[in-house]
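Here the structure is laid out as structure tokens; the discussion comes afterwards.
The values are calculated or read from the model by the stated rules, or taken from the named source; none is laboratory data. This is a predicted model, so every value here is computed, not measured. Methodologically, a virtual Cβ is constructed for each residue, glycine included, from the backbone with ideal geometry; neighbour enumeration extends over all protein chains shown.
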Amino acid sequence: MSPADPELDADAIESLFNRGVTDGLPVVPPTRPLVERAIAASGRDAGELIALVPPNYGRATVEKIAVNAVMAGCRPEYLPVVLAAVEAMCDEAFDLHGVSATTNAPAPLVIVNGPIRAELEINSGAGVFGPGWRANATIGRAVRLVCVNLGGARPGDVSMSTLAHPGRYAYCIGEHEEASPWESLAVEHGFGPEQSTVALLAADAPLGVYAQRSRTPEDLMPTLAASMAVISHHRMTHWGDTLLVLSPEHAKILGDAGWKKGDVRRWLHERLQWPVRELLPGRDGGEGLPEHVLAKYRDPGRETTLIPKFRSPEHIKVVVAGGTAGRFSAIVPGWTFSKGSNLVFRRIHR
Amino acid sequence: MTEYLDPTDSVAVPRKTASRPMSLDGKVITLLDISKAQGNHLLDRLEELLRERATPKAIIRKKKPTFARPAPDALRKEIVGATDVLVEGLAD
């Protein structure tokens with residue numbers, strides 16, 4: 001290998017940008033030695049097919065994913081996480097076709113559980129959605145580059161999102177399992193605490209909930225519910241998988257009072273329901289129940305049947321993340337139209 | 001010279017769009033509603049205009065179960081087998 005040549009590297013960066021294979025930021029030029037090192041760290045064969053990436057169904061082999069991971073700045077040992085994330089988002093249940101092509105704004109959010117968080121220094125604490133941690137930044141970025149380079153999701157070409165959001169650069173968090181009073185998201189979904197997993201959610205940007213004066217569940221829960229009520233818009237109903245990210249302080253309030261995750265889900269589901277007559281489009285706003293739902297009722301203007309915000313309590317996914325100081329939580333809305341995207345898990349193989 | 005590896009699937013076969021007919025007369029036209037709100041209004045008007053301005057053999061109306069996913073294989077096969085021209089309607 002020739003010694004580093006800054007001029008050559010700069011040319012490579014320009015050339016890769018001009019080819020349209022980046023996210024707009026400079027990438028690490030994917031030399032064969034760097035890519036081979038990443039493949040070796042994964043313990044997988046270079047040619048092994050991990051997935052076909054919608055909407056263009058490019059072949060995501062271990063090598064192709066490694067090229068994108070190197071470009072994103074991943075260390076070799078991150079590749080198993082990226083491989084699991086790519087496999088998860090290409091699962092039919094995730095609907096990457098819709099996620100990548102829609103005029104809405106979702107981005108694949110990678111949620112990491114298990115011991116690999118500590119091994120790779122994947123941040124689950126202070127500033128969890130923010131910059132400063134290489135693993136979070138580059139694993140999330142690698143997933144985006146795979147969407148573009150193997151899935152064809154070029155903005156303004158195939159990816160037609162009206163607004164998108166900054167999570168489309170990189171969107172990867174760990175769950176702060178050590179600061180949680182409950183079992184982790186992965187354990188809830190059938191994995192062992194010793195297993196490392198990714199969960200992929202097609203996610204809008206996080207919406208912060210400031211609840212600084214709340215000291216009891218009775219204080220906190222209505223505040224959280226009011227913020228969840230406006231996901232998509234204030235009359236959107238029958239929503240699916242959505243993430244409630246509780247800060248450790250908020251989770252402690254609930255845990256100390258004996259609440260379980262299931263109690264949180266059920267409380268929110270029951271609270272977030274409205275009678276049909278309050279969900280009519282064209283009254284105090286153009287949005288409301290769709291025509292085919294209204295057609296079920298003889299007189300929707302008087303109908304008292306309750307319609308829930310979420311299709312079931314199980315669609316409200318709860319994780320604990322963020323720093324141990326601060327009564328701030330976040331709602332991360334999913335992209336969940338009828339038969340739309342669902343949370344998908346994969347084990348990380350090492 | 002340093003070798004840089006390709007991040008794309010360069011061996012993927014580029015998809016070709018179907019050839020465009022010179023006339024719609026005598027053709028079977030399918031109008032595919034993708035299930036977005038108001039899509040039926042757009043396609044109703046399009047059907048009117050097609051009948052006004054051309055003499056298609058038939059105009060068939062089909063609908064995807066949801067706009068959020070690709071059309072199911074069965075629906076795609078049904079359309080391909082019976083159609084000369086397809087118009088996919090987006091709305092909102």
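Overview of values
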{"quantity": "Subset of region A:150-183 (residues that are over 16 Å from the mean Cα position of the chain (by Cα) and farther than 20 Å from A:Asp95 by Cβ)", "calculated": "A:Gly156, A:Glu177, A:Glu178, A:Ala179, A:Ser180, A:Pro181, A:Trp182, A:Glu183"}
{"quantity": "Residue check for A:Val198: in contact (Cβ under 8 Å) with a residue 12 or more places away in the chain and either within 14 Å of chain B (Cβ to nearest Cβ) or touching a Cys at 6+ places or on another chain (Cβ under 8 Å) (or both)", "calculated": "no"}
{"quantity": "Residue count, region B:39-88 (criterion: farther than 30 Å from A:Ala93 by Cα, assigned to a helix (DSSP H, G or I) and charged (D, E, K, R))", "calculated": "7"}
{"quantity": "Which numbered condition A:Tyr78 misses (of (1) under 28 Å from A:Gly132 (Cα atoms); (2) within 13 Å of another protein chain (Cβ to nearest Cβ); (3) aromatic (Phe, Trp, Tyr))", "calculated": "(2)"}
{"quantity": "Of residues in region B:27-38 being part of a strand (DSSP E or B) and touching a Leu at 6+ places or on another chain (Cβ under 7 Å), the one nearest to the other protein chains (Cβ to nearest Cβ)", "calculated": "B:Asp33"}
{"quantity": "Number of positions in region A:326-341 that are surrounded by fewer than 20 Cβ atoms within 10 Å (Cβ to Cβ), more than 8 Å from every other protein chain (Cβ to nearest Cβ) and farther than 19 Å from A:Leu220 by Cβ", "calculated": "0"}
{"quantity": "Any helices (runs of 4 or more DSSP H) falling wholly within region A:1-101 and containing at least 1 residues that are within 22 Å of the chain's Cα centre (by Cα) and farther than 24 Å from A:Thr197 by Cα", "calculated": "A:96-101"}
{"quantity": "Top-ranked residue of region B:66-87 - restricted to ones that are among the small types (Gly, Ala, Ser) and farther than 26 Å from B:Arg45 by Cβ, ranked as nearest to the other protein chains (Cβ to nearest Cβ)", "calculated": "B:Ala74"}
{"quantity": "Residues being surrounded by fewer than 19 Cβ atoms within 10 Å (Cβ to Cβ) and either touching a helix residue (DSSP H, G or I) at 6+ places or on another chain (Cβ under 6 Å) or not aliphatic (A, V, I, L, M) (or both) - total across region A:32-56", "calculated": "11"}
{"quantity": "Qualifying residue in region A:268-281 (condition: more than 28 Å from the chain's Cα centre (by Cα), away from chain B (no Cβ under 14 Å), surrounded by fewer than 19 Cβ atoms within 10 Å (Cβ to Cβ) and in a loop (DSSP other than H, G, I, E, B))", "calculated": "yes"}
{"quantity": "Selection status of A:Thr304, assigned to a loop (DSSP other than H, G, I, E, B), among the β-branched types (Val, Ile, Thr) and modelled with pLDDT of 95 or more", "calculated": "yes"}
{"quantity": "Residue check for A:Lys309: of a type in the set (Lys, Arg), in contact with a Gly (Cβ under 9 Å, 6 or more places away or on another chain), modelled with pLDDT of 95 or more and within 22 Å of A:Trp335 (Cα to Cα)", "calculated": "no"}
{"quantity": "Filter pass, A:Ala202 being surrounded by 15 or more Cβ atoms within 10 Å (Cβ to Cβ) and closer than 21 Å to A:Pro248 by Cβ", "calculated": "no"}
{"quantity": "Residue in region A:130-145 that is surrounded by 20 or more Cβ atoms within 10 Å (Cβ to Cβ), in contact (Cβ under 8 Å) with a residue 24 or more places away in the chain and part of a loop (DSSP other than H, G, I, E, B) present", "calculated": "no"}
